[in-house]
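Reviewing the structure listed below.
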Amino acid sequence: IWRHPRTGATLYIGNVNAASNLAVLKDKNVTHVVNCTDSMPNYHQHTGEIVYHRFDIAAWWRSVDATTESARRFTSPMFNFVGDALSHGNSVMVHCLAGAHRAGTTGCLCLMHFAAMDSSTAVACAKRCRPVVDPIGSLPELLRKVEAAYREEPPQTRYSAAHFA
């Protein structure tokens, strides 16, 4: 859904089939995976070829309160993981079961963070690349909270939306 402007590394949204298939990950040069579930395995962790970060986005409400700072605290580790990988030329896949709700929302958060998009633009852009993206339930509220945090204080490293894949 997005390509790093300097390194060309790509951010993908995927489902369990893509995440569990090492050949698919290698074909897309994915070396880093954000597992957006609380219990799905990190399928290839034992190989040493894929680096994992677990981001239990469905449980965001346990960590995020009315303050924008809490939204930053919740999302920062994931953004740091993704940003570090992409800036070093390593492609990243964010995944959940279907690659629609949890991973789709995580992909939208990344577009907001790295490509300076507002939440509605991020959702529309993500849907153009992956039509099943669909932030549902309380996930749109998280997008709005992060958007509010970025209105107060934008991330330090942001790029043009023109690099959306």
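Just so you know, all these numbers are worked out from the coordinates, no wet-lab data involved. Not measured: the values here are computed from a predicted model. Backbone-built Cβ (ideal geometry, glycine too); neighbour counts: all protein chains shown.
Worth pointing out:
- The chain: angle of helix 139-152 to the longest principal axis, Cα-based, in degrees nearest 10: 60 degrees
- Order of LYS145, LYS26 under a 10 Å beta carbon neighbour criterion, fewest first: LYS26, LYS145
- Set of aspartates and glutamates with alpha-carbon distance to LYS28 below 16 Å, sequence-local pairs under 8 removed: GLU49
- Zero-based 5 Å bins, Cα pair distances in the stretch 2-163, whole percents: 2, 10, 20, 24, 23, 14, 6, 2, 0
- For LYS145, the lysines whose Cα comes closer than 27 Å to its Cα, not counting residues fewer than 8 places off in the same chain, are LYS127.
- Entry note, the stretch 2-163: relative contact order of 29 percent, from Cα contacts under 8 Å with a spacing of 6+ residues.
- Peptides ranked, highest mean first, by Cβ atoms within 10 Å: ranges 42-49, 4-11, 111-118: 111-118, 4-11, 42-49
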